[in-house]
Amino acid sequence: MLRDVHYGEGDYLDCELAIQEVLGELDQGFAPPPPLDPVRPEDAPGVLLEPQTADIALPADAERLQLVRDWLPGEDYLEAEDAGAAAEFTFSGGAAWAVLSGADREPGLYEVDGRVVADDPGLRLHGVQFTPRAP
């Protein structure tokens with residue numbers, strides 16, 4: 001039986017309370033723990049978030065970057081041709097996370113300050129993701 005529906009992120013408190021309600025119906029002796037505190041400020045119930053910059057997907061959004069030195073376009077990335085190549089951008093939000101791989105770098109998300117600099121040729125920048133900032 002479907003008891004609750006929620007699409008996407010957020011509304012964590014209501015989701016947790018809905019689960020506790022069903023567990024209480026299944027076990028009359030169930031004593032739920034208090035709900036967890038929000039992990040991030042932007043997860044607090046009723047918080048209003050400042051608008052954030054839209055994520056950058058590459059190479060489609062390359063025009064949103066200021067590129068220093070030479071970068072080669074790939075299927076889903078830009079690749080630095082030499083050490084010192086950089087990609088700069090401005091953003092509004094809590095943090096910026098570059099999706100990087102190549103050049104002996106473990107693929108993943110790396111927090112950046114609006115600038116990605118290649119220490120070695122072959123660094124691949126796949127995009128940039130932004131997190132919200134609570135006012």
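Rule-based calculations on the coordinates, nothing more; no lab input. Remember, it's a predicted structure, so these values are computed and weren't measured experimentally. Here the Cβ is made from the backbone with ideal geometry for all residues, glycine too, and neighbour counts use every protein chain on show.
Of note:
- Counted charge near GLY127, where neighbours are those whose Cβ lies closer than 12 Å (Asp, Glu -1; Lys, Arg +1): -1
- Each of ALA18, VAL47, LEU65 was scored by the projection of its Cα onto the charge dipole of the range 1-95, and the greatest displacement toward the positive side belongs to VAL47; charges sit on the C-beta of Lys, Arg, Asp and Glu.
- Residues HIS6, HIS126 arranged by fewest to most Cβ contacts within 10 Å: HIS6, HIS126
- Within the shell of other residues whose beta carbon sits under 13 angstrom from the beta carbon of PRO32, the net charge comes to -4, with Lys and Arg scored +1 and Asp and Glu -1.
- Radius 15 Å from Cβ of PHE89, net charge of other residues (Lys, Arg +1; Asp, Glu -1): -4
- Listed candidates (1) 15.9, 44; (2) 20.9, 67; (3) 20.6, 79 - label of the one calculated as Rg and Dmax of the Cα atoms in Å: (2)
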